[in-house]
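Only one structure is covered here, and it is reproduced in the block below.
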């Protein structure tokens, strides 16, 4: 299955082959026929991903407070490692699907 993925570290986009999701009780699997990327939401996420750390911090003051609180409780190095780890997690783009329940 193809998925548009963005790196939060540098904003780069890629179309990646990802495994099909597993069907679990109480959920449905939908074979996507068409998918849209919202020009508003996705553009905002792409611009956020391309921004530097200072710009990211300015856009999310609540996250900055969480980082400061974490530094106070866990220390600087573990907090930096946690932030880097979070930025390494890819962001999956696209959410509006039309398809067939299989």
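Below, the figures for the structure above:
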| read-out | value |
| --- | --- |
| Residue in segment 84-99 that is touching a helix residue (DSSP H, G or I) at 6+ places or on another chain (Cβ under 7 Å), at pLDDT 85 or above and surrounded by 14 or more Cβ atoms within 10 Å (Cβ to Cβ) present | no |
| Those residues of segment 1-15 which are surrounded by 12 or more Cβ atoms within 10 Å (Cβ to Cβ) and assigned to a strand (DSSP E or B), in sequence order | 3, 4, 5, 6, 13 |
| Residues (loosely packed, with under 11 Cβ neighbours inside 10 Å, in a helix (DSSP H, G or I) and modelled with pLDDT of 85 or more) located in segment 31-57 | 54 |
| Which numbered condition residue 20 fails, given (1) surrounded by 13 or more Cβ atoms within 10 Å (Cβ to Cβ); (2) in contact (Cβ under 8 Å) with a residue 12 or more places away in the chain | (1) |
| Qualifying position, being at pLDDT 90 or above, over 18 Å from the mean Cα position of the chain (by Cα) and surrounded by fewer than 14 Cβ atoms within 10 Å (Cβ to Cβ), among 70, 65 | 65 |
| Selection status of residue 70, part of a helix (DSSP H, G or I) and touching a helix residue (DSSP H, G or I) at 6+ places or on another chain (Cβ under 8 Å) | yes |
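The values are calculated or read from the model by the stated rules, or taken from the named source; none is laboratory data. The structure displayed is predicted, hence computed values, not measured ones. Here the Cβ is made from the backbone with ideal geometry for all residues, glycine too, and neighbour counts use every protein chain on show.
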